[in-house]
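Note sheet for the following structure.
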Amino acid sequence: MIPLEDKFNDILGKARRGAGLSFEDLSKRSGIAESALKDWEAGRGVPAESQLDPLCRALPLVPARLLESLHQRWYPQHPRAAALKNFLQIPSRYGDMLVNCYLAWDVATHEAALFDTGADFDLLRGKIESYPLKLTHVFLTHTHTDHVAVLDRVIQAWKPALFTSRKEYVREAKPIAEGESFAVGKLTVDVLETEGHSPGGLSFLVRHLGEHLPSVAVVGDAMFAGSIGGPMFSYDRLLENIRRKILSLPEDTVLAPGHGPLTTVGEEKRHNPFLV
């Protein structure tokens, strides 16, 4: 089982930094000692449940959902994702973390799209050759190093068409923007602009994976199961894009993040503490 990307302290840190608050600011807003806030964010100790309401009002976060994270009571359930025989999550080790890439393919033609590359070329090659697949497209959610670690080797090995945001251009890539769609065999890949974690962050909605099967949104580091990506570019735009472009999808849509396990739109609406 792939662990959740963010723990309670990670969520606190992202919310505080995203809101542009110092520890002193947050202490004044919440009435909680600055030393306690620093300890919690560093993973030392946890707040009393009575402290969650003022803390969440100051950030803001949803108290009941933050409590789930604090006590590790939630893990995403997505039973229909198991029926997706032509969509594959591939976690690989990058330093001290796991990063995901994904393959989606037409079951008849075996034409395939890769979303990000992960960090383990041999693992990826083994998956592609085992089916076997014809890699025709590579779509990048963003260009942070962990997501494109083996891009050069992928391009050299299979010579697929490469697509990325015009705001995060990569040599030999075709710049793409929201509203564009691509055919990968019978699959359709729709482009969504979900910047915030990075200036050119993209998500990709993969449709027509099979009759009566949900679509999949590959969301990169826009959001994770029970959390969001670090707001390195714009916290407000990241949250707006998540609400308007990702959570507006049908509730059974599978969300495929850059780190951590698969989740669904419905699960995030009910359990993500950032979605006030």
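Just to be sure I understand, how many residues within segment 182-198 are surrounded by 19 or more Cβ atoms within 10 Å (Cβ to Cβ), small (Gly, Ala, Ser) and either closer than 20 Å to LYS134 by Cβ or touching a Ser or Thr at 6+ places or on another chain (Cβ under 6 Å) (or both)? Qualifying residue count for the region: 2. Condition first: in contact with a helix residue (DSSP H, G or I) (Cβ under 8 Å, 6 or more places away or on another chain), assigned to a loop (DSSP other than H, G, I, E, B) and farther than 30 Å from ARG237 by Cα. Can you find one or more residues in segment 136-148 that meet it? No, there is no match, as no residue in segment 136-148 is in contact with a helix residue (DSSP H, G or I) (Cβ under 8 Å, 6 or more places away or on another chain), assigned to a loop (DSSP other than H, G, I, E, B) and farther than 30 Å from ARG237 by Cα. The residue list VAL216, VAL206 contains one member that is touching a Phe, Trp or Tyr at 6+ places or on another chain (Cβ under 6 Å), under 15 Å from THR141 (Cβ atoms) and either of a type in the set (D, E, K, R) or crowded, with 22+ Cβ neighbours inside 10 Å (or both), which is VAL216.
Output the number of residues of segment 43-87 satisfying the condition of being part of a loop (DSSP other than H, G, I, E, B) and out of contact with any Pro (no Cβ under 8 Å at 6 or more places or on another chain).
Number satisfying all stated conditions: 16.
Taking segment 155-176 as the range and being in a loop (DSSP other than H, G, I, E, B) and among the charged types (D, E, K, R) as the test, the residues that pass are LYS159, ARG166, LYS167, GLU168, ARG171, GLU172. Within segment 228-240, track down each residue that is crowded, with 24+ Cβ neighbours inside 10 Å and of a type outside the set (A, V, I, L, M, F, W, C). Across segment 228-240, the qualifying residue is only GLY229.
Find the residue count for segment 212-222, including only residues that are over 17 Å from CYS101 (Cβ atoms) and touching a Leu at 6+ places or on another chain (Cβ under 9 Å).
So the count comes out to 3.
Take the conditions assigned by TED's automatic domain parsing to the domain that holds LEU98 and crowded, with 24+ Cβ neighbours inside 10 Å and apply them to ASP221. Does it pass? The answer is yes for ASP221.
The rows are residues; the columns are (1) under 30 Å from GLY210 (Cα atoms); (2) modelled with pLDDT of 95 or more; (3) aromatic (Phe, Trp, Tyr).
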site	(1), (2), (3)
LEU4	yes, yes, no
ILE11	no, yes, no
SER27	no, yes, no
PRO60	no, yes, no
ALA64	no, yes, no
ALA81	yes, no, no
LEU98	yes, yes, no
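Residues in segment 32-45: is at least one more than 30 Å from ALA119 (Cα to Cα), touching a helix residue (DSSP H, G or I) at 6+ places or on another chain (Cβ under 6 Å) and modelled with pLDDT under 95? Within segment 32-45, one or more residues are more than 30 Å from ALA119 (Cα to Cα), touching a helix residue (DSSP H, G or I) at 6+ places or on another chain (Cβ under 6 Å) and modelled with pLDDT under 95. Within the option set GLY179, GLY118, being surrounded by 23 or more Cβ atoms within 10 Å (Cβ to Cβ), assigned to a loop (DSSP other than H, G, I, E, B) and touching a residue at least 12 places away in the same chain (Cβ under 8 Å) holds for one residue only, GLY118. All of ALA48, ALA108, ALA112 fail the test of being exposed (fewer than 13 other Cβ atoms within 10 Å of the Cβ) and within 21 Å of SER215 (Cα to Cα), apart from ALA108.
Examine segment 147-169 for a residue that is at positive phi, buried (at least 24 other Cβ atoms within 10 Å of the Cβ) and modelled with pLDDT of 95 or more, and state whether such a residue exists. Walk me through it before giving the result.
Keep residues of segment 147-169 that are at positive phi, which gives 159.
The next check asks that each one be buried (at least 24 other Cβ atoms within 10 Å of the Cβ); those that pass are none.
No; the residues of segment 147-169 include none that is at positive phi, buried (at least 24 other Cβ atoms within 10 Å of the Cβ) and modelled with pLDDT of 95 or more.
The values are calculated or read from the model by the stated rules, or taken from the named source; none is laboratory data. A quick note: this is a predicted structure, and the numbers were derived from the prediction, not measured. Note that each Cβ is placed from the backbone with ideal geometry, even for glycine, and that neighbours are counted across all protein chains shown.
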